[in-house]
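Here the structure comes first, spelled out in structure tokens, and everything after it is commentary.
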Amino acid sequence: VSRQLKEEIRRGFARLEDPLAGLLAMLESSSDWKGKGHSLGYFITTELQLWIKAHPAVPQSGTKLKKLQARVLGMLSQCPANLLDPLISIYQLHTADRNYLLEHVSHLYLQGNYKEAAILSIKLKLQPDQDVEKMCTPLLLQDKANLVEDYVAEYPELQRKLLQTLDTWCDPSFNIRDITRPYQGLSRYKPEKFNRRVLSKLVFRLLERFSVDPALCPNVINQRHLRTLNYLFYKRFVEKTMTEENWGDHIQSTAGENRWLQGHLVQLLLRHCDARGAARWARHCHVPPEMLPRAVAEELQKLHIQDRVEEVTKADNYESSKKKDYYQIPIPRENIHFLQTWEETQQCWEKVLQPGQVVGVDMEWKPSFGMVGKPRVALLQLALKDEVFLLDLPQLLEQAEAEGEKEKLPRFIQMLYSDAAITKLGYGMSGDLSSLVATCSALKDTEKQMQSVVDLLAVDKQVDGLSPEHSHEEKGVRQPEKGLSLLVQHVLGKPLDKREQLSNWEKRPLREEQILYAASDAYCLLEVYERLCKDPESFGLGSDLTESLVGKQIKKPRAKKQLSKQEAPSPSGQECQGPRTEPSCPTAPISPQEFSVVCDNMLQGLGRYLRCLGVDVRLLDNEDDHRKAAEIARQEGRVILTSGLPYQTLRSQVGEGRCFSVNCSEKAKEQALQVLKHFNVQVALSDIFSRCQ
């Protein structure tokens with residue numbers, strides 16, 4: 001049909017005295033104008049475009065073409081998006097008078113057609129002659145940030161102007177209502193999407209996408225640094241999960257010599273420390289004495305230059321006395337090697353690349369605290385049974401480049417990951433590898449070539465008996481364990497000491513605490529894996545743990561956002577079982593009110609989603625044993641929703657068809673649709689939020 005249609009269209013063009021005018025007349029009277037997709041109008045237009053290329057004599061010029069261009073311009077703001085490029089090409093709109101085009105776009109803008117005005121400006125490359133703030137403001141108010149990005153994409157000067165404007169709006173003293181007031185009647189206006197927080201995120205996205213110097217946006221950068229300072233004080237004085245030296249490094253580098261940030265730092269010190277402590281840390285961070293309150297300045301005078309910065313709370317006593325509560329690496333300190341030269345690294349390779357070797361792999365990088373750019377790996381840890389090697393990647397890469405052998409490091413890493421005879425252990429390996437690629441682009445295909453890798457994140461949520469048997473008494477002091485630390489606690493009895501996790505890993509020399517932390521993080525993987533392989537049943541895992549995990553490819557998590565290792569996602573991207581339940585006959589439709597479930601603790605997102613649809617849901621807490629779901633199901637007549645290995649255990653403890661396994665790689669919405677479809681639950685509009693208090 002399409003071939004016959006094409007032939008008919010081309011015969012029609014050939015018969016027309018003026019094909020361009022003919023197409024325009026047809027489109028102006030077309031009834032499928034608003035249709036999406038490839039309408040007949042689109043089909044004919046693109047055929048004319050091809051036909052013109054084969055008949056170069058057809059295009060017109062002069063007054064006749066100008067009249068056609070005027071008619072086309074009037075049509076472009078209503079026509080489907082896929083017709084814009086063909087029509088601009090056919091009627092040579094790039095050759096039209098620029099002032100006339102600008103006037104037309106300005107008319108669209110004044111009519112309130114801001115999106116159409118912006119799209120046409122992009123297509124006709126009119127941006128250099130327009131006011132970027134004026135064009136982009138209504139688009140941002142309509143939550144069309146992507147269109148704003150496209151508008152400035154090819155014009156560095158406009159990118160800088162837009163960023164400076166957005167930065168001005170993010171100044172705490174600036175009244176955002178001054179911007180929004182003229183647009184109160186704007187259609188599709190979304191004021192909740194127009195605030196400093198959203199604008200700040202947009203600024204960081206633009207800085208990264210267009211590689212602009214962040215110094216252009218001092219307000220946004222300062223606000224982000226201030227949030228970092230608040231976060232660091234929270235970690236140190238409320239959570240108590242950072243060591244003094246680690247914390248001191250970060251507050252000094254975050255505040256820098258910025259007077260505004262130093263002023264806020266002094267206020268935070270006074271809130272959390274006494275005058276003497278505030279004076280010590282103010283001196284450590286080089287805060288000018290004239291910025292200090294009188295009491296702090298007096299304390300500063302009493303301090304001697306050679307004084308070591310001491311702790312300003314009682315946290316240190318707590319830290320030293322509680323060290324025994326954490327996992328301790330079981331090998332001697334002299335077996336932990338910090339490698340900065342290729343000669344030393346060569347010996348490491350010879351030991352690591354042995355057939356049959358099991359290697360714990362981990363990486364560390366300086367936390368970005370939300371600033372621009374992907375994190376670059378500063379330390380690569382490789383743990384063997386008797387030794388741990390800490391590779392100083394920045395130093396090794398610099399040395400290799402100086403010697404003209406840039407491929408040295410990628411070659412070793414690719415050999416390690418692609419060797420099927422060497423078992424590599426990690427936790428959240430996909431995130432580690434993406435940071436490694438950001439550090440060394442030659443490694444971009446490593447993930448495709450991986451063999452014999454075991455990501456313990458895939459095991460994490462399937463480990464049975466995650467009850468807090470080994471939890472600590474000081475609930476008010478210690479934060480609940482999570483991520484790898486939680487897995488280590490449940491398998492080996494004690495959690496990891498994560499207080500060095502947010503260290504500045506790029507600073508040299510590394511502190512002793514950092515070296516021990518980095519070595520422990522990699523070595524614990526060996527011990528966890530060995531314990532799980534020896535006795536998988538006692539952790540609720542199948543006896544074929546090794547076969548089921550070794551060699552599986554790691555799928556990337558859906559989210560691209562860089563996560564810290566302690567906040568690694570649940571194994572949404574790992575190998576998971578699909579929906580399973582006992583076979584059952586089709587059931588009569590039921591309402592959400594008649595359907596009651598208990599959700600296992602790895603499915604809290606699904607539970608909350610079903611509750612929003614009116615389903616009676618009970619959620620297990622993170623520390624609850626999976627078997628509690630069976631107990632609740634039997635007592636209250638609920639269906640169990642679970643995932644992965646616990647399904648095998650739980651389905652035998654309840655009646656047939658009363659246990660359902662959802663696909664853990666799906667998002668909550670898709671999981672909910674699986675459940676509703678399987679149990680034939682019919683949701684009406686009145687059910688939505690019916691359980692909301």
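The values are calculated or read from the model by the stated rules, or taken from the named source; none is laboratory data. Owing to the predicted nature of the structure, the values given are computational and were not obtained by experimental measurement. Positions of Cβ are backbone-derived with ideal geometry, glycine not excepted, and every protein chain shown enters the neighbour counts. Please note that ligands, DNA and RNA were not included when accessible areas were found on the heavy atoms of the full protein model with its side chains. Shrake-Rupley method; radii C 1.70, N 1.55, O 1.52, S 1.80 Å.
Is the stretch 220-304 rounded, prolate or oblate when judged by the Cα gyration tensor, a ≥ b ≥ c being the square roots of its eigenvalues, rounded requiring a/c under 1.5 and prolate requiring a/b larger than b/c? Taking the square roots of the gyration eigenvalues as a ≥ b ≥ c, the stretch 220-304 is oblate. Applying both filters, DSSP loop and at most 15 other Cβ atoms within 10 Å, to the trypsin sites (Lys or Arg not before Pro) of the stretch 140-193 gives ARG188. Computed in the context of the full set of protein chains, the accessible area of the stretch 119-247 at 1.4 Å probe radius has 49% of its extent on carbon or sulfur. In the context of the full set of protein chains, residues of the chain present 50 Å² of accessible surface per residue (probe radius 1.4 Å, heavy atoms only). Distances between placed amide hydrogens fall under 5 Å for TRP365 paired with ALA378, all partners being 5 or more residues away or on another chain. For the stretch 592-679, which whole-number percentage of the solvent-accessible area (1.4 Å probe, protein heavy atoms only) is attributable to carbon and sulfur atoms? Here it works out to 43 percent. Taking a ≥ b ≥ c as the square roots of the eigenvalues of the Cα gyration tensor, the stretch 592-679 is rounded, since a/c falls below 1.5. Here the Karplus curve 6.51 cos²θ - 1.76 cosθ + 1.60, taken at θ = phi - 60°, turns the phi angles of the stretch 532-539 into couplings of 5, 5, 5, 9, x, 4, 5, 10 Hz, with x standing for Gly and Pro.
With charges only on Cβ, +1 for K and R and -1 for D and E, what is the dipole size of the stretch 489-543 about its Cα centre, in debye, rounded to 20? If you can, show how the numbers build up before the last one.
Working: 8 positive and 10 negative charges, 36 e Å.
Here the stretch 489-543 has a charge dipole of around 180 debye.
Relative contact order, whole percent, for the chain stands at 8, derived from Cα pairs under 8 Å and 6 or more residues apart. Here's how it looks for VAL454: its modeled amide H is under 5 Å from those of LYS424, LEU425, GLY426, which are all 5 or more places away or on a different chain.
Relative contact order for the stretch 592-679: 28 percent, from Cα pairs under 8 Å spaced at least 6 residues apart, divided by residue count. The 3J(HN,Hα) values that the Karplus relation (6.51, -1.76, 1.60; θ = phi - 60°) gives for the stretch 102-110 are, in residue order, 4, 5, 5, 5, 4, 5, 4, 4, 5 Hz. Gly and Pro appear as x. Residues in the stretch 390-405 carry Karplus couplings, in order, of 10, 8, 7, 4, x, 5, 5, 5, 5, 5, 5, 5, 4, 8, x, 10 Hz; the curve used is 6.51 cos²θ - 1.76 cosθ + 1.60 with θ = phi - 60°, and Gly or Pro positions show x.
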